[in-house]
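Just below is one structure, and these are the notes that go with it.
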2 protein chains.
Amino acid sequence: MNERDALRAIAADLPQAGDDAAVIDGTVITTDMLHERTDFPPGTTRYAAGWRAVGASLSDVAAMGAAASAAVAVYADEAFDREALTRFVAGAVDVCEAVGAEYVGGDLDEHVEFTTATTAVGDVTDAGPVTRDGARPGDALCVTGEWGRSAAALRLFKRGDDGAIERANELFRFTPRVADGLALAGTATAMMDSSDGLARSCHQLAEASEVGIELERDAVPVHPAVEEVAEASAERFELAAHFGEDFELLCAVPEEDVSGVSEACPAGLTRIGTVVEGSDGDAAARVTADGDPLPDRGFTHGTDK
Amino acid sequence: MNERDALRAIAADLPQAGDDAAVIDGTVITTDMLHERTDFPPGTTRYAAGWRAVGASLSDVAAMGAAASAAVAVYADEAFDREALTRFVAGAVDVCEAVGAEYVGGDLDEHVEFTTATTAVGDVTDAGPVTRDGARPGDALCVTGEWGRSAAALRLFKRGDDGAIERANELFRFTPRVADGLALAGTATAMMDSSDGLARSCHQLAEASEVGIELERDAVPVHPAVEEVAEASAERFELAAHFGEDFELLCAVPEEDVSGVSEACPAGLTRIGTVVEGSDGDAAARVTADGDPLPDRGFTHGTDK
């Protein structure tokens, strides 16, 4: 059983799960585990690891349109190296500070592999949480920021020279889109973060909202770092749309609100397509790019891309 | 560097850490990681593992005198077995229900070893959080429940027959003392849970409060299961005082309030000693049992006892 099937198997028992974060009495809470083998390529600094791991949970809070308040982490490794631990905590503290949250500590554990489990909590605004299931035909489909930065980072980690490694670590330290999520709360009809990549996220949002999505390839904002690592335009789109782990927001916004809310998003908001009527159960046709079906293919933990 | 030294190394960076849970704007949050090799002996059911792992975090909420509201968990294993996962979730749901909290899901991850990271959140009462540092000379030192159940469980797991394994799994499913913690909030001057064992917890509370503690050995309430596995009285005290992982509460209560608050604790509250003046920096003499120094020795992850 793979992770998606496993999630479906327990979905009936856990009605609050299934969105980016659970909501209980106005508090959102979300947790993630990352570990060395699958999430931190050789060359990843512990500072970048702390930033990124805690950032991944803060991104889930952002995706609910909530204000991030605090985060904790478990830091597990074969042995405790003071410098490594201090750098991890510094990254965790700094990413929290970048979004107005507080890093309040956590737990230490000995483990066979460097592993971190992070949890973030936040508060829903008066507009309520923004879930994945409210997109309506006619809404504009929008994204924050630029896409493909993590794909570019991974290629730079593989290149392995000092300059590439330094640049890769820099790309790994994304700003969770909490401010953008708050700007979109009350306006966006559906929202999620893009941990599984643009294509897969579009499929998930379309499925949850029972709608279709029509993307325009050229409208997807590609991160400049992707141009450093990929020459052909098709390859660039592949990295921007299928790789994932960019932790940007994907949302549906009523057409008339797009320009107003765009100005309120610090990371920028780009219209990349349109929400349309659903495809009557034909999952493959649910999301199209320039008219062709866009496969539901994205990041799978532990596989090389 | 061991775990305690590592925690000290980062303490200066994290003022909110260092108690059972961090407190931010009236919300308490705490996280823990448990894994197969060190925390779940062969024979532990996934139901008991889910109960116990989530219970450990709920116990930290209880120790702050807060009402537990929700918990999440990351479930990581080499492969996802539907039945195992379902049983884990059922244990997590049930332990939350036992303390009036809600289990709201979490994350799945592939890992080299069955590992779970749990986080619980709760709300502080009007009396504020109960920390470890407020005990005053003259206070009564009290504990909830009965001690040594996890030590007894471990011996039963080792015995290995079906009856012993079943009984051990039952002992592993403790009730987090949330109701007791709430009853004690506003009255207890200091409180913590006993994850590291009675002796070590006494040292930690005495150090944080800058006081001494005088215990009476015979006053420590020993769990009946300890009598099943240990015949000699000295061995029973060893299991009840040094093993740990009982997840009971240890607290200091003003003498005049003991009998009143005892009646409000569903798990029962037993006076086991007295808070006295500090030992002027002599750490070994900080805690005594029947007049002799009680060593600061307890549960250390990954070691056999």
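The table for this structure:
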{"item": "FRET efficiency for A:D25 and A:E231, using Cβ-Cβ distance with R0 set to 60 Å, rounded to 0.05", "result": "0.70"}
{"item": "Shielded residues, the stretch A:71-102 - accessible-area loss of 30 Å² or more between chain alone and all protein chains, probe 1.4 Å", "result": "A:V72, A:V74, A:F80, A:R82, A:L85, A:T86, A:V89, A:E102"}
{"item": "Using a 7 Å Cα-to-Cβ projection, B:R136 label spacings across copies, nm, ascending", "result": "6.1"}
{"item": "Buried area at the B-A interface (accessible, heavy atoms, 1.4 Å probe, summed, Å²)", "result": "4400 Å²"}
{"item": "Gap separating the Cα centres of the stretch B:21-53 and the stretch A:173-240, nearest whole Å", "result": "35 Å"}
{"item": "Portion, in percent, of the accessible area of chain A that falls on carbon or sulfur, probe 1.4 Å", "result": "44 percent"}
{"item": "Residues whose placed amide H lies under 5 Å from that of B:A70, excluding near-sequence neighbours", "result": "B:E102, B:V121"}
{"item": "Relative contact order of chain A, pairs being alpha-carbon contacts under 8 Å that are 6 or more residues apart, as %", "result": "23 percent"}
{"item": "Solvent exposure of the stretch A:3-124 as accessible area per residue, Å², 1.4 Å probe", "result": "31 Å²"}
{"item": "Charge dipole (chain B, unit charges on Cβ, about Cα centre) - positive-most of B:L249, B:P224, B:G43", "result": "B:G43"}
{"item": "Label-point separation in nm, B:E256 to A:A79, each point 7 Å along Cα→Cβ", "result": "5.6 nm"}
{"item": "GNM flexibility winner over chain B from B:A185, B:A21, B:A98 (Cα, springs under 10 Å)", "result": "B:A98"}
{"item": "Rg to Rh, two decimals, where the stretch B:3-124 supplies the alpha carbon set and Rh follows Kirkwood", "result": "0.99"}
{"item": "Choice from A:S194, A:S262, A:S233 showing the highest fluctuation, given a GNM over chain A with Cα pairs closer than 10 Å", "result": "A:S233"}
{"item": "Rg over Rh [alpha-carbon atoms, Kirkwood Rh] for chain B", "result": "0.95"}
{"item": "Computed over the stretch A:129-241, Kirkwood Rh from alpha-carbon pairs, angstrom", "result": "15.3 Å"}
{"item": "Per-copy distances of the A:E277 label point, shortest first, in nm (7 angstrom along Cα→Cβ)", "result": "8.7"}
{"item": "In nm, spacing of pseudo-spin labels at A:E263 and A:R297 (7 Å Cα→C-beta vector)", "result": "4.2 nm"}
{"item": "Inter-site label distance for A:D161 and A:E36 at 7 Å from Cα along Cβ, in nm", "result": "2.7 nm"}
{"item": "Sum of -39500 (n - 2.57) over DSSP H runs of 4+, divided by residues of chain A (222 nm, nearest 500)", "result": "-11000 deg cm²/dmol"}
{"item": "Choice from A:D290, A:D123, A:D133 showing the highest fluctuation, given a GNM over chain A with Cα pairs closer than 10 Å", "result": "A:D290"}
{"item": "Viscosity 1.306 mPa s, temperature 10 °C, Stokes-Einstein D of the protein assembly as shown from Kirkwood C-alpha radius, µm²/s", "result": "63 µm²/s"}
{"item": "Virtual paramagnetic centre 7 Å along Cα→Cβ of B:R271, amide N under 14 Å, in the stretch B:123-153", "result": "B:138-143"}
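The values are calculated or read from the model by the stated rules, or taken from the named source; none is laboratory data. Please read these numbers as outputs of a predicted model, since none were measured by experiment. Don't worry about glycine lacking a Cβ; one is built from the backbone with ideal geometry, like all the others, and counts go over all protein chains shown. Note: areas computed on protein heavy atoms with side chains; ligands, DNA, RNA excluded. Shrake-Rupley method; radii C 1.70, N 1.55, O 1.52, S 1.80 Å.
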